[in-house]
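Okay, structure first, notes after.
Taken together, the values in this text are just the output of simple stated rules run on the coordinates, not laboratory data. Predicted, not measured: the structure shown is a model, and the values here were computed from it. All Cβ positions, glycine included, derive from the backbone under ideal geometry; neighbour counts span all protein chains shown.
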Amino acid sequence: MAGVGAGVGAAPGYFCQQWGLTLLEPVYPRSYHWVCPVTGPAGEAWVLKLRPPDRDCQLEIQTLRDYGGRGAARLMASDPERGALLLEQLEPGSLLAAVLRSGEEALAVEHAALTMLQLWQNPPSGQPSLQAWAGGFARIGPGCPLAPERWQEAQELYLQWSAEPVREVLLHGDLHPDNLLLGPKGDYLAIDPHGRVGDPAFEPAAYLRNYLTHQPDPVSSLRLRIQGFAEALALSPTRIAGWGYVQTVLSALWLWEDHAHDPALDVMAAMERELQIAGWLRELWQEYLASAG
């Protein structure tokens with residue numbers, strides 16, 4: 001059994017005793033946190049997730065409670081003070097990314113959009129808004145090696161749009177193709193929500209910027225994704241593309257904040273890849289803006 005990462009609140013054995021769990025192999029290698037399949041006291045197929053017991057952990061737990069199993073993995077139990085979540089195990093559990101890699105772009109967007117519609121609900125009290133992420137530009141940008149003009153326009157658009165009086169919903173906040181797993185009813189269910197309140201057009205942003213490098217024409221793939229989400233969700237393609245642009249720039253800044261001193265990652269190369277995608281999204285945003293005007 002793989003060891004538990006640094007920063008988690010308690011060892012797996014504690015929760016095995018508290019919740020009557022039996023650990024199984026393997027610990028999921030792709031997860032950012034420690035995630036392991038378990039069986040419950042009556043043989044239930046569950047998943048134990050351990051992560052640092054911080055504010056993000058509290059938001060994940062609260063968001064899963066708000067979902068109540070609608071469009072997302074069901075939360076069976078939690079211990080926010082120790083950073084533990086006990087979740088239903090999704091079967092067969094294949095990633096939506098597999099559909100993307102098979103070349104079924106339109107089908108993958110359709111599945112993701114259906115999940116978004118399941119997840120969105122009126123904003124509950126206590127969940128932060130998208131404006132809570134806006135501070136990342138001013139916090140990270142001046143100290144990173146990027147020229148200011150590479151992130152300041154995105155900052156301005158983010159601040160403008162996140163303050164506008166639009167219809168707001170509870171957003172997952174990180175709904176990329178690896179956070180959508182196939183469930184027993186044939187639909188894709190979300191995991192790892194960040195929990196933010198804001199413009200629904202923000203939600204496709206994390207999806208847009210992932211799994212583009214294998215595409216022969218990334219810009220055409222982005223255009224197909226934007227149009228697919230706009231039609232399925234009845235949203236403006238201009239706002240979907242614009243939110244994709246600013247969120248991808250912010251993602252590049254987060255890479256610097258989290259990995260600037262990580263010898264295992266060429267952080268500048270990773271940032272440039274994100275900024276290349278941001279540039280494509282900016283072009284599409286401008287294209288949609290011009291056609292709408």
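Observations on the model:
- Extent along principal axes [Cα atoms of the range 137-293; Å; largest to smallest]: 43, 42, 34
- The stretch between Asp262 and Gln118 holds 48.1 nm of extra length on full extension. This uses 0.36 nm per residue minus the Cα-Cα distance.
- Two-site label geometry, Glu153 and Tyr14: point separation in nm, points 7 Å out along Cα→Cβ: 4.9 nm
- Segment Ala138-Gln276, length gained on full extension (0.36 nm per residue, minus Cα span): 47.6 nm
- GNM top mover of Ala11, Ala269, Ala252 - the chain, alpha-carbon springs below 10 Å: Ala269
- Over the chain: Rg over Rh, Cα atoms, Kirkwood Rh: 0.96
- Taking the convex hull of the alpha carbon positions in the range 115-227 and averaging its projected area over all directions gives 9.2 nm².
- Estimated dipole of the chain in Debye, rounded to 20 [Cβ of Lys and Arg +1, of Asp and Glu -1, Cα centre]: 320 debye
- Computed from backbone phi, the HN-Hα couplings of the range 168-175 come to 10, 9, 6, 9, 5, x, 8, 8 Hz, rounded to whole numbers (Karplus: 6.51 cos²θ - 1.76 cosθ + 1.60, θ = phi - 60°; Gly and Pro given as x).
- The label-point distance for Glu287 and Glu25, in a model that sets each label 7 Å from Cα toward Cβ, rounds to 4.9 nm.
- Dipole axis of the chain (+1 Lys, Arg; -1 Asp, Glu on Cβ), positive-most option in Ala113, Ser221, Gly279: Ala113
- Length released on extending from Thr39 to Asp54, taking residue separation times 0.36 nm less the Cα-Cα span: 2.8 nm
- Ellipticity at 222 nm from helices only: DSSP H runs of n ≥ 4 in the chain, each -39500 (n - 2.57), divided by the residue count, give -14500 deg cm²/dmol.
- Shape call, the range 142-187: gyration tensor on alpha carbons, a/c limit 1.5: oblate
- For the options Ala201, Ala106, Ala234, a Gaussian network treatment of the chain with springs between C-alpha atoms closer than 10 Å singles out Ala234 as fluctuating the most.
- Summarising the label geometry, the points placed 7 Å from Cα in the beta-carbon direction at Arg167 and Arg74 lie 2.9 nm from one another.
- Between the helical axis of 237-259 and the longest alpha-carbon principal axis of the chain there is an angle of about 60 degrees.
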